[in-house]
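Data first, discussion second: the structure below is written as structure tokens.
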């Protein structure tokens, strides 16, 4: 596997690591930074719509940073805000585009709190401003002002990955049409990064802000088993979060489902499951080990460990806890874990 493909998997695993468990950014501000009183409309029947308007107005009046500070504070005490944190950060990103119409400027005011939803919202706003008629002509220019293209920086990844989210919004969640539009990007890395945004947008479904017709409870591997080979890696890296949802969080059942993945993609599915094992336990070493031990073979367990240890590093922004996780594994799995941790942290 070449460096470009490794980076695609690394970034995808890191970005989707908190889909199940709400992992807090290491830059979370003090809880004293509440900047606004409770929205007056919360007594109404649509609290999500109320919060969306509240945060859009707060960005416009007080700026992105103050809106994030308020959101983080409410996140600590309000279960509804926690459950809707990702779509609410989408709102912050969409609203930021009105203040900062250039991608790089909008990105400089956000962070990855609540699963990078801010960046997804920025790109949805940017792509929406470009519009359906001009999107094919402009797609390759949208991320041009983001530094780090030559080295595949995380900001550049977030931009190109965010294009996939934006295309799904622009094209009314038409997954296959969005993937085809990703193919107009120049560069295989860019195409794959865009695919990952499409599939992530598809799998984060809450029937409030996110709807899709491209998930089937009776067929948890869909759409991964229906897309062309060029899309399968990106799809399987995202799919286990949905597979867990429809399997009542039964990891043993999802290990079994991963065995039914398209031939050659089973290990990608097990790595994705390892990410979710870490995510659901909030990177608890003993719980994550117990989950990966549900694998029926060395390949299943080792790939689960690979996905998990990457998520440990992504969560803690350190390799210390990751190496502690590796130390409690059996000798053979511990070596795989440690080798992965060293290589991943070097590129992190």
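Values in this text are rule-based calculations from the coordinates and carry no lab data. Since we're looking at a predicted model, the values are computed, not measured. A quick note on method: Cβ atoms are made from the backbone with ideal geometry, for glycine too, and the neighbour counts reach across all protein chains shown.
Under the rule of -39500 (n - 2.57) per DSSP H run of 4 or more residues, summed and divided by the residues of the chain, what mean residue ellipticity at 222 nm is obtained, to the nearest 500 deg cm²/dmol? Value at 222 nm, helices only, nearest 500: -19500 deg cm²/dmol.
Relative contact order, whole percent, for the stretch 255-330 stands at 31, derived from Cα pairs under 8 Å and 6 or more residues apart.
Working from Cα pairs under 8 Å separated by at least six residues, relative contact order for the chain is 15 percent. Labels on offer are [x] 19.4, 57; [y] 21.0, 65; [z] 20.2, 71, and the one holding Rg and Dmax of the Cα atoms in Å computed from this structure is [x]. Length gained on full extension, residue 49 to residue 98, computed as 0.36 nm times the residue gap minus the Cα-Cα distance: 15.7 nm.
Note the angle between two axes, namely the Cα long axis of helix 331-347 and the longest principal axis of the Cα atoms of the chain, as a number of degrees from 0 to 90, rounded to the nearest 10. With both axes taken from Cα atoms, the answer is about 30 degrees.
Expressed as an acute angle from 0 to 90° and rounded to the nearest 10, what is the orientation of the C-alpha long axis of helix 117-130 relative to the principal long axis of the chain? Approximately 60 degrees, to the nearest 10.
For the pair residue 298 and residue 252, label points projected 7 Å from Cα toward Cβ lie 2.4 nm apart. Suppose R0 equals 25 Å. What FRET efficiency, 1/(1 + (r/R0)^6) with r the Cβ-Cβ distance, do residue 282 and residue 229 give to the nearest 0.05? Approximately 0.10, to the nearest 0.05.
Counting only alpha carbon atoms, the long axis of helix 298-316 and the longest principal axis of the chain meet at about 40°.
By other beta-carbon atoms within 10 Å, ranking 132, 190, 174 with the fewest at the front produces 132, 174, 190.
With the simple spin-label model, which puts each label point 7 Å out from Cα in the Cβ direction, the residue 134 to residue 60 separation comes to 2.3 nm.
Here the residues 123, 243, ranked from fewest to most Cβ neighbours within 10 Å of their Cβ, fall in the order 243, 123. Here the residues 119, 222, 75, ranked from fewest to most Cβ neighbours within 10 Å of their Cβ, fall in the order 222, 75, 119. Using a Förster distance of 56 Å, how high is the FRET efficiency between residue 328 and residue 184, based on the Cβ-Cβ distance and rounded to 0.05? So, using R0 = 56 Å, E works out to roughly 0.75.
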